[in-house]
């Protein structure tokens, strides 16, 4: 089971410190919400974890290894960072290319298209997809090589209420089978029922990491707790 | 004797370069742009070859069609396949940034240098296809005009084969150079315009200013591999050149290979390392 360790992570863009000495862990077999307002450094942190952005300091590892050092990374980690695909490629062609990259069975492309409800759109060019359909295709891509860890950046963007419920069930089902999920979002209401624990960041810094049950122990909901904690961190 | 196994860090299992190249070729063939560029290559090659063949022997046109020089000059129409091979190469690399698909590519294969190498190989394979098909079109039209006028073929079969090989090698290496340009520039439009401007305008200007430098300019060197004579055709990079010989095949190939490798190495050390944000 996958374990994520973020230790003293720093990323600066000129005078702006996007991520400021951030440390947290994600325990195996849990769904962890990576929560914070827009610009809190969530996406930058995930990109550093996945080897796409080079940190100025600190480390980000999965099962003790940097992403770039992982053997067959797609078999270990499925990630959805942005719903960007070549608009002229069909959904099936996109997934077949990814399957070849992952050395996965090409027939998995059709399996995951069915799983995310895009079987009927398999041969349509992605340029004609709605944002919600692209999010589903992103999830299909992440699930293609049957990874044990999902890292998702704002996966509910563009999904309708039915899609959000579907996503929630998918993540809970994934965790129930022993998978680990780190899901970044600023839409707290959508994830409140899904996550086991929360990592809350603000201005690139860790505000708190705690189980959701602990954050809402006094009867407040997650959203209220979030606003209280982030306000406190500023003052 | 007892041996003790020394624990080592398990090496990262890398996707073989051949598979990475296959992935890049699959990416290419799953979109419409390469087919459009190939169609444009064949169309322009055919059009310019017909125009040159029709002008052969006229005032301001190539030498008469019955002559070796005339038949050789008409093959200059094949240079369009070389130009578009380089343009295609640029789209292989810059397309990842235009459509923001670099994220998915590097998540699948974190080794960016290996991805770049695979793209260069794919650009070379696709470029070679452009070069060969372009040459076949120009050769077919040339032979058709020669036969139509009742002339005989003045160029030996061995030379014609060499020129075909030259189109293949030249276009393949220009495809790889295009990948390097696309990686360095990252903007697809700028890379495509830049390649056109360099090949159609800049080399003519530089060659006009420094006649002796002509053979060493990459596009001119590639066309020379394909048998396009410097200075004798009314169309092409060497138009108007005097007293300058094309590089021999091996030297031209080595020059283009060095430019491709240099460009790819520079890209691998600079732009390819940048954050994907």
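Residue-level check: of (1) touching a helix residue (DSSP H, G or I) at 6+ places or on another chain (Cβ under 9 Å); (2) at pLDDT below 95, residue A:67 misses just (2).
The set of residues in region B:26-42 that are touching a residue at least 40 places away in the same chain (Cβ under 8 Å) and under 18 Å from residue B:79 (Cα atoms) comprises B:34, B:37, B:38, B:40, B:41, B:42. Screening residue A:71 against (1) within 12 Å of chain B (Cβ to nearest Cβ); (2) surrounded by fewer than 21 Cβ atoms within 10 Å (Cβ to Cβ); (3) within 24 Å of residue A:157 (Cβ to Cβ) leaves a single unmet condition, (3). From the set of residues in region A:76-114 that are touching a residue at least 40 places away in the same chain (Cβ under 8 Å), within 22 Å of residue A:178 (Cβ to Cβ) and part of a helix (DSSP H, G or I), which is farthest from the other protein chains (Cβ to nearest Cβ)? Here the answer is A:76. Quick check on residue B:21: is it surrounded by fewer than 18 Cβ atoms within 10 Å (Cβ to Cβ), at pLDDT 95 or above and within 14 Å of chain A (Cβ to nearest Cβ)? Here the answer is no, as residue B:21 does not meet what is asked. Would you call residue A:26 over 20 Å from residue B:15 (Cβ atoms) and within 10 Å of chain B (Cβ to nearest Cβ)? No: the conditions fail for residue A:26. With the requirement that a residue be within 12 Å of chain B (Cβ to nearest Cβ) and under 14 Å from residue A:79 (Cα atoms), what does region A:115-139 give you? A:134, A:137, A:138, listed by residue number. Of the helices (runs of 4 or more DSSP H) lying entirely inside region B:62-148, those carrying at least 2 residues that are over 15 Å from residue B:163 (Cβ atoms) and either within 14 Å of the chain's Cα centre (by Cα) or more than 14 Å from chain A (Cβ to nearest Cβ) (or both) are B:79-98, B:112-148.
Table: residues versus (1) surrounded by 22 or more Cβ atoms within 10 Å (Cβ to Cβ); (2) in contact with a strand residue (DSSP E or B) (Cβ under 7 Å, 6 or more places away or on another chain); (3) at pLDDT 90 or above.
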{"site": "A:79", "(1), (2), (3)": "yes, yes, yes"}
{"site": "A:105", "(1), (2), (3)": "no, no, yes"}
{"site": "A:130", "(1), (2), (3)": "no, no, yes"}
{"site": "A:136", "(1), (2), (3)": "yes, no, yes"}
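Residue check: residue A:173 meets all listed conditions (1) part of a helix (DSSP H, G or I); (2) touching a helix residue (DSSP H, G or I) at 6+ places or on another chain (Cβ under 9 Å); (3) at pLDDT 90 or above but one, namely (2).
The values are calculated or read from the model by the stated rules, or taken from the named source; none is laboratory data. Source: prediction; values computed, not measured. Counting neighbours? That spans all protein chains shown, and the Cβs are built from the backbone with ideal geometry, glycine included.
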